[in-house]
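S.K.: One structure follows; several queries about it will come next.
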Amino acid sequence: MNADERRFEVLRAIVADYVSNQEPVGSKALVDRHNLGVSSATVRNDMAALEDEGYIAQPHTSAGRVPTDKGYRLFVDKLSEIKPLSQAEKRAIRSFLDGAIDLDDVMRRSVRLLAQLTRQVAVIQVPTLSRAAVRHLEVLPITPSRLMLVLITDTGRVDQRIVELGDVISEEHTAQLRGVLNQAMAGQRLAEASAKVAELPDEVPPNLRDPMLRVATVLIETLVEHPEERLVLGGTANLTRSITDFPGSLRQVLEALEEQVVVLKLLAASRDPGRVLVRIGEENEAAEMRSTSVVSIGYGSRDNPLGGLGVVGPTRMDYPGTMAAVRAVANYVGEILTGR
């Protein structure tokens, strides 16, 4: 082991102890608790070198040191691979998420689960209609002159609309409407589906023209809606477990989470379902978030990214465990919503 490798082992030991105990770490504690294979004097020299290079710092006059943002960054960058969760943990995640009944339930369950696994604040971006494609349109007669439209997208979103026809329609004609609409819309992105629906009243037989016009009008309103992006949060109270991790800044962090815009911007960069992104402290552009670390990833598939999810917590974080949990939950959410 050369000097750089040995110093990284010292840094890794400092990170492990500080994350676990929240106490500055001294050289004697490192030698006692970790099998570093060198003398106390060598550890002290390595700590001095790490401090000179900005990887650790002395928070006050105690003999202990704590990792800096730069130190955490080196630690995260040198994680050779993300340790997978155990089979029991994976089964628990799948079982919990498989019980969801609709998109909103998937979102709520995901953040609750991720907050429990990481003991941090969990956030997930709700897929918007503008990213979605039509999976199926159900046309259901409620009365002889009223239909219910149920639009199901590939993001798991379900929208329901009532259409007043103004006249009676037979079951046969209802079935014809259903067939024509699904043929035109299924598999289409919402913008393309909207354009196709607009042409249908001129293409159907005269006896279907009026009901198709009424249905098309309601559908276009649904399809061209671009609801504001929103987040679902869980575990916000976890931030208050250790107020000392946020000296003078906890209120700012909570306000940023409440406003959501800051976190949406952070998740916008996490569109790749294959890559966990870690932003540590000062790496966060928003001033309100510079006492936090954000671990995030995209969910969905590379061909059809649906949004981002992740956790927000203090820089004193179990990075390997958090990264593993974020990736695992994203994988299962993506599988559920893309129907794999």
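The values are calculated or read from the model by the stated rules, or taken from the named source; none is laboratory data. Everything numeric in this text was worked out from a predicted model, so none of it was measured. Methodologically, a virtual Cβ is constructed for each residue, glycine included, from the backbone with ideal geometry; neighbour enumeration extends over all protein chains shown. The accessibility values were calculated without ligands, DNA or RNA, using every heavy atom of the protein model including side chains. Shrake-Rupley method; radii C 1.70, N 1.55, O 1.52, S 1.80 Å.
S.K.: When you scan the range 266-282, do you find a residue that is β-branched (V, I, T) and outside any loop (DSSP other than H, G, I, E, B), even just one?
M.R.: Yes, the range 266-282 contains at least one residue that is β-branched (V, I, T) and outside any loop (DSSP other than H, G, I, E, B).
S.K.: On to the next question. Taking the range 265-279 as the search range and keeping residues that are open to solvent by 20 Å² or more (accessible area, probe 1.4 Å) and modelled with pLDDT of 85 or more, which one is farthest from the chain's Cα centre (by Cα)?
M.R.: The extreme case among them is R279.
S.K.: Report the residue count in the range 119-144 for those that are in contact with an Asp or Glu (Cβ under 9 Å, 6 or more places away or on another chain) and in a strand (DSSP E or B).
M.R.: Total satisfying the criteria: 5.
S.K.: Another one. List every residue pair whose Cβ atoms lie under 6 Å apart, where the two residues are 6 or more positions apart in sequence or sit on different chains, the first residue falls within the range 61-75 and is closer than 13 Å to A48 by Cα, and the second residue, located anywhere, is open to solvent by 50 Å² or more (accessible area, probe 1.4 Å).
M.R.: Here the result reads R65/Q58; V66/P59, each pair linking the range 61-75 to a residue that is open to solvent by 50 Å² or more (accessible area, probe 1.4 Å).
S.K.: Tell me which residues, restricted to the range 145-167, are surrounded by fewer than 16 Cβ atoms within 10 Å (Cβ to Cβ), at pLDDT 90 or above and not in a strand (DSSP E or B).
M.R.: If the condition is that a residue be surrounded by fewer than 16 Cβ atoms within 10 Å (Cβ to Cβ), at pLDDT 90 or above and not in a strand (DSSP E or B), then S145 is the only one that fits.
S.K.: Same structure, new question: Would the range 280-294 turn up any residue that is modelled with pLDDT under 90, open to solvent by 70 Å² or more (accessible area, probe 1.4 Å) and not acidic (D, E)?
M.R.: No, there is no match, as no residue in the range 280-294 is modelled with pLDDT under 90, open to solvent by 70 Å² or more (accessible area, probe 1.4 Å) and not acidic (D, E).
S.K.: Oh, and also: Which condition breaks for V261 when tested against (1) within 18 Å of L113 (Cβ to Cβ); (2) surrounded by fewer than 17 Cβ atoms within 10 Å (Cβ to Cβ)?
M.R.: Going through (1) within 18 Å of L113 (Cβ to Cβ); (2) surrounded by fewer than 17 Cβ atoms within 10 Å (Cβ to Cβ) one by one, V261 breaks only (1).
S.K.: Out of the residues in the range 60-84 that are at pLDDT 85 or above and in a loop (DSSP other than H, G, I, E, B), state the one that is most open to solvent (accessible area, probe 1.4 Å).
M.R.: K78
S.K.: From the list V31, V15, V43, which residue is outside any loop (DSSP other than H, G, I, E, B), surrounded by 12 or more Cβ atoms within 10 Å (Cβ to Cβ) and touching a residue at least 40 places away in the same chain (Cβ under 8 Å)?
M.R.: Going through V31, V15, V43 in turn, the sole match is V15.
S.K.: Quick check on my filter: what residues within the range 255-291 are over 25 Å from P84 (Cβ atoms) and in contact with a Phe, Trp or Tyr (Cβ under 9 Å, 6 or more places away or on another chain)?
M.R.: Passing the criteria: G281, S291.
S.K.: Something else: Of all residues in the range 299-322, which are under 13 Å from the mean Cα position of the chain (by Cα), surrounded by 24 or more Cβ atoms within 10 Å (Cβ to Cβ) and modelled with pLDDT of 90 or more?
M.R.: Of everything in the range 299-322, those that are under 13 Å from the mean Cα position of the chain (by Cα), surrounded by 24 or more Cβ atoms within 10 Å (Cβ to Cβ) and modelled with pLDDT of 90 or more turn out to be Y299, G308, L309, G310, V311, V312.
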